[in-house]
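Enquirer: Have a look at this one before I ask anything.
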Amino acid sequence: MKCLFNSTISRFLLLPTLLVGCTTVGPRHAVVRNAPAQSIPVEQDLLAQMMGGEFALVRSDVPSAAQRYASAAALSQDAAIAEQATRLALAAHDYALARRGLQRWRALGGNDSGLLQVEASLALSDNNAASSMKALAALLQLPQSQGWRLLGQVLLSAQDKAAAGDLLQRLATPAALAGTPEEIWVAMSQLAYKLDHKAWAHTLADAALAKFSGSASFTWSAQLAVDDGDKAKARGLYADAIKRVPKDIRLRAGYALLLGEQGENLAAARVLAEGPQDDYSYAARAAYAARVKDKSLLQTLYKELKSQPEEDRIARAHLLGQVAELLEENDAALTWYQQAEVDSLHWFDAQMRIVVLLDGQAKHDQAQSLVHELQARSGDDPRQLVDVFLLEGELLLRNDRHDAAVEAYTRGLAALPDDIRLLYARALLAANIERSSEAERDLRRVLALKPGDFDAMNALGYTLADSNQKLDEALGLIEVALKNKPEEPAVIDSFGWVQFRLGHLDEAEQALRRAYAKQDDAEIAAHLGEVLWQRGNHDEARRIFEQARKKDAKNKSLLKTLQRLGV
């Protein structure tokens, strides 16, 4: 359950990287007194050792960084350098070096909480639960719940999760947590979950819920219920929590997410509509209403957004444009998108929608002009730049300008060589306009850049099969894709088509019938109909062709098949 650690625990338990702040004790903090004018050996040069450690960190070479900082700590009287050396040694799992660092750090007057953290970590690495317990218990004496956060860092970084969980269960008891706020209780429950002590996670969650009945404990208990597969309990918890704290947007968002995952999008939109609103709730309401195509909900939301003060309307111009589009009020949508401020997070997305709407109004020159302007402005953002080139190609294709679309993708690849999305788009277009060698070239490049791309394997296999070339290789590629995506209609279709090219009509018909049952689109229908035609089953083939023609009369693959068969 990915969402479990995105809330309370992130606020109280820093991730257990021992490199946090590791560059804060760099050369500028070194105190080098009475340095001799003459050169000294590198191993005795404090600055050189620290610089070496920093360069090792840049290379992500933690063991070398730990060794360099250990040398620096031996030369320096700065406790911060000794601390850095110790923590780097722990990160590198060089416990002998960490112990030497700890001794040096302690001798130079290290802070008590930091020393206790390292002592606890080293004791855990030695499987010395008693010593680790003693150090962690001492940490918990720190004021204002600081010790619980430090304890979390130690236990999350432990290699032996079972031992760490056992220590947590002994230390984080309801009695020990009695004087701490709700967030700490929930954070300790989340930590127990992370350490695979789920029973203890439930114990602490239940105790927190009984003690506080706050939004944090309700939300976490509901998430645990979802993880247990008890969605009814989760719904009950959320519903009860919202009655107690009706203005808590986070609670309502969590409940709406649960409802949405169960397919109850209308209920999710209504839950979010009750109570205070923010940018998230407005956007989520639009998304849930759009899923069920409920225009009355969208209209209510649209009126609500339009009634806000001008400053708020401008701040939410992108969302207003989206809702207007969902209501098929494209002229209004265009006006809203044009009001999006340049420095807003959604300005770029608004401009992209303006392009689409202009093109939809047959203002192709204006749309292309804005596309080129966005390409010029997006030069320092590769993701945006790719998006604009892809949009340009899509619009050109929509207007049957295939050569111009190829040229757009090629310009994009000139700016961003080997971008997989652009290569893929150009390859599929090339295949569609029967430039199979160009499609093959680009798809092979995609696979060279991303060998595990099963979609590209399927696309290359299909391209080879469709052009009736290298059929053994095509079959091999498609079989790998099918093994990894056994229920994907497009891959099943490719498998059926390559079997047809190989003359295996029984296997082809079986696969294509399965693909068509999963997705009755025109291209699969064209393939299945052709196989049936070749097998002499002309009546069924005609029925399938006619069904496909009703659904997509302009489908290129279908039209080619009908022409070739004279149907």
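The values are calculated or read from the model by the stated rules, or taken from the named source; none is laboratory data. Just so it is clear, the model here is predicted, and its values are computed rather than measured. No Cβ is skipped: glycine too gets one built from the backbone with ideal geometry, and neighbour counts run over all protein chains shown. With ligands, DNA and RNA removed, areas are computed over all heavy atoms of the protein, side chains included. Shrake-Rupley method; radii C 1.70, N 1.55, O 1.52, S 1.80 Å.
Enquirer: Within region 454-477, work out how many residues are open to solvent by 20 Å² or more (accessible area, probe 1.4 Å) and within 23 Å of the chain's Cα centre (by Cα).
Expert: 2
Enquirer: Only residues that are of a type outside the set (A, V, I, L, M, F, W, C) and either in contact with a Cys (Cβ under 8 Å, 6 or more places away or on another chain) or assigned to a loop (DSSP other than H, G, I, E, B) (or both): list them for region 235-278, please. It would help to see each step written out before you state the result.
Expert: So in region 235-278, the residues of a type outside the set (A, V, I, L, M, F, W, C) come out as 235-236, 238, 240, 243-244, 246-248, 250, 252, 254-255, 260-265, 270, 274-278.
The answer is PRO246, LYS247, ASP248, GLN262, GLY263, GLU264, GLU274, GLY275, PRO276, GLN277, ASP278.
Enquirer: Now for a different question. Could you pull out the residue among ASP520, ASP493 that is under 29 Å from ARG435 (Cβ atoms) and not in a helix (DSSP H, G or I)?
Expert: Working: ASP493 fails: not in a helix (DSSP H, G or I).
Answer to the check: ASP520.
Enquirer: State the number of residues belonging to region 449-472 that are closer than 18 Å to GLU438 by Cβ and not in a helix (DSSP H, G or I).
Expert: Summing the residues that are closer than 18 Å to GLU438 by Cβ and not in a helix (DSSP H, G or I) in region 449-472 gives 4.
Enquirer: Same structure again: Listed residues ALA172, ALA222; which is free of Cβ contacts under 8 Å to residues at least 40 places away in the same chain, within 26 Å of the chain's Cα centre (by Cα) and buried (at least 19 other Cβ atoms within 10 Å of the Cβ)?
Expert: Values: ALA172 fails: within 26 Å of the chain's Cα centre (by Cα).
After applying the criteria, what remains is ALA222.
Enquirer: Another question, then. Of the residues VAL498, VAL531, VAL480, which is in contact (Cβ under 8 Å) with a residue 24 or more places away in the chain, part of a helix (DSSP H, G or I) and open to solvent by 60 Å² or more (accessible area, probe 1.4 Å)? Spell out how you get there, then give the answer.
Expert: On the way: VAL498 fails: open to solvent by 60 Å² or more (accessible area, probe 1.4 Å); VAL531 fails: open to solvent by 60 Å² or more (accessible area, probe 1.4 Å).
The conditions single out VAL480.
Enquirer: Among the residues of region 128-169, count how many are surrounded by fewer than 16 Cβ atoms within 10 Å (Cβ to Cβ), under 35 Å from the mean Cα position of the chain (by Cα) and either touching a residue at least 60 places away in the same chain (Cβ under 8 Å) or not in a helix (DSSP H, G or I) (or both).
Expert: 2
Enquirer: Do you know which residues across region 175-189 are open to solvent by less than 30 Å² (accessible area, probe 1.4 Å) and of a type in the set (Gly, Ala, Ser)?
Expert: Hits for region 175-189 are ALA187, SER189.
Enquirer: Answer yes if at least one residue in region 432-442 is at pLDDT below 95, on the phi < 0 side of the Ramachandran plot and either of a type in the set (A, V, I, L, M, F, W, C) or open to solvent by less than 30 Å² (accessible area, probe 1.4 Å) (or both), and no otherwise.
Expert: Within region 432-442, one or more residues are at pLDDT below 95, on the phi < 0 side of the Ramachandran plot and either of a type in the set (A, V, I, L, M, F, W, C) or open to solvent by less than 30 Å² (accessible area, probe 1.4 Å) (or both).
Enquirer: Look through ARG564, ARG543, ARG549 and report the one residue that is at pLDDT 95 or above and open to solvent by 60 Å² or more (accessible area, probe 1.4 Å).
Expert: Working: ARG564 fails: at pLDDT 95 or above; ARG549 fails: at pLDDT 95 or above.
Result: ARG543 is the single residue among ARG564, ARG543, ARG549 that is at pLDDT 95 or above and open to solvent by 60 Å² or more (accessible area, probe 1.4 Å).
Enquirer: Quick check, is ALA408 open to solvent by less than 60 Å² (accessible area, probe 1.4 Å), without any contact (Cβ under 8 Å) to a residue 60 or more places away in the chain and either more than 29 Å from the chain's Cα centre (by Cα) or closer than 30 Å to LYS303 by Cβ (or both)?
Expert: Working: open to solvent by less than 60 Å² (accessible area, probe 1.4 Å): yes; without any contact (Cβ under 8 Å) to a residue 60 or more places away in the chain: yes; either more than 29 Å from the chain's Cα centre (by Cα) or closer than 30 Å to LYS303 by Cβ (or both): no.
Criteria not met by ALA408.
Enquirer: Can I ask one more? Just to be sure before I move on: is GLU473 of a type in the set (D, E, K, R), in contact (Cβ under 8 Å) with a residue 12 or more places away in the chain and closer than 19 Å to ARG514 by Cα in the structure I sent?
Expert: It is false that GLU473 is of a type in the set (D, E, K, R), in contact (Cβ under 8 Å) with a residue 12 or more places away in the chain and closer than 19 Å to ARG514 by Cα.
Enquirer: Mind telling me which of the residues TYR337, TYR282, TYR255 ends up being at pLDDT 95 or above and under 30 Å from ALA234 (Cβ atoms)? Walk me through how you get there before you give the answer.
Expert: On the way: TYR337 fails: under 30 Å from ALA234 (Cβ atoms); TYR255 fails: at pLDDT 95 or above.
None of the other options fit; the residue is TYR282.
Enquirer: Within the bounds of region 335-358, is there any residue that is assigned to a helix (DSSP H, G or I) and in contact with a Lys or Arg (Cβ under 6 Å, 6 or more places away or on another chain)? Walk me through how you get there before you give the answer.
Expert: Narrowing region 335-358 to residues assigned to a helix (DSSP H, G or I): 335-338, 347-358.
Now restrict to residues that are in contact with a Lys or Arg (Cβ under 6 Å, 6 or more places away or on another chain): 337.
Yes, there is a match, as at least one residue in region 335-358 is assigned to a helix (DSSP H, G or I) and in contact with a Lys or Arg (Cβ under 6 Å, 6 or more places away or on another chain).
Enquirer: Also, quick follow-up: Scan region 535-548 residue by residue and report those that are in contact (Cβ under 8 Å) with a residue 12 or more places away in the chain and under 15 Å from GLU523 (Cα atoms).
Expert: Filtering region 535-548 for residues in contact (Cβ under 8 Å) with a residue 12 or more places away in the chain gives 535, 541-542, 544-545, 547-548.
Selection gives ALA541, ARG542, ILE544, PHE545, GLN547, ALA548.
Enquirer: Which residue is nearest to the chain's Cα centre (by Cα), if the candidates are limited to region 359-371 and must be part of a helix (DSSP H, G or I), surrounded by fewer than 21 Cβ atoms within 10 Å (Cβ to Cβ) and not hydroxyl-bearing (Ser, Thr, Tyr)? Before the answer, list the steps.
Expert: So in region 359-371, the residues part of a helix (DSSP H, G or I) come out as 359-360, 364-371.
Now narrow it down to the ones that are surrounded by fewer than 21 Cβ atoms within 10 Å (Cβ to Cβ): 360, 364-366, 368-370.
Filter once more, keeping what is not hydroxyl-bearing (Ser, Thr, Tyr): 360, 364-366, 368, 370.
Working: GLY360: 32, HIS364: 35, ASP365: 36, GLN366: 34, GLN368: 31, LEU370: 30 Å.
Among those residues, the one meeting the criterion is LEU370.
Enquirer: Sticking with this one: Restricting attention to region 108-127, and to residues there that are among the acidic types (Asp, Glu) and surrounded by fewer than 16 Cβ atoms within 10 Å (Cβ to Cβ), which single residue is nearest to LEU97 (Cα to Cα)?
Expert: ASP126
Enquirer: Filter region 195-215 down to the residues that are in a helix (DSSP H, G or I) and open to solvent by less than 10 Å² (accessible area, probe 1.4 Å) and list them by number. Explain how you work it out, then say what you get.
Expert: Restricting attention to region 195-215, the residues satisfying the condition of being in a helix (DSSP H, G or I) are 198-212, 215.
The answer is ALA201, LEU204, ALA205, ALA208.
Enquirer: For region 227-277, enumerate the residues that are open to solvent by 40 Å² or more (accessible area, probe 1.4 Å) and either in contact with a His (Cβ under 9 Å, 6 or more places away or on another chain) or of a type in the set (Asp, Glu) (or both).
Expert: Matches in region 227-277: ASP227, ASP228, ASP230, ASP240, GLU261, GLU264, GLU274.
Enquirer: Assess whether ALA192 counts as being within 28 Å of ALA234 (Cα to Cα), open to solvent by less than 30 Å² (accessible area, probe 1.4 Å) and touching a residue at least 24 places away in the same chain (Cβ under 8 Å). Talk me through it step by step, then tell me what you get.
Expert: Numbers: within 28 Å of ALA234 (Cα to Cα): yes; open to solvent by less than 30 Å² (accessible area, probe 1.4 Å): yes; touching a residue at least 24 places away in the same chain (Cβ under 8 Å): yes.
Yes.
Enquirer: On to the next question. Does ALA187 satisfy the condition of being outside any helix (DSSP H, G or I), small (Gly, Ala, Ser) and closer than 22 Å to HIS202 by Cβ?
Expert: Numbers: outside any helix (DSSP H, G or I): no; small (Gly, Ala, Ser): yes; closer than 22 Å to HIS202 by Cβ: yes.
The answer is no for ALA187.
Enquirer: Could you tell me which numbered condition LEU374 fails, if it satisfies all but one of (1) closer than 23 Å to PHE495 by Cβ; (2) hydrophobic (A, V, I, L, M, F, W, C); (3) open to solvent by less than 30 Å² (accessible area, probe 1.4 Å)?
Expert: Unmet condition: (1).
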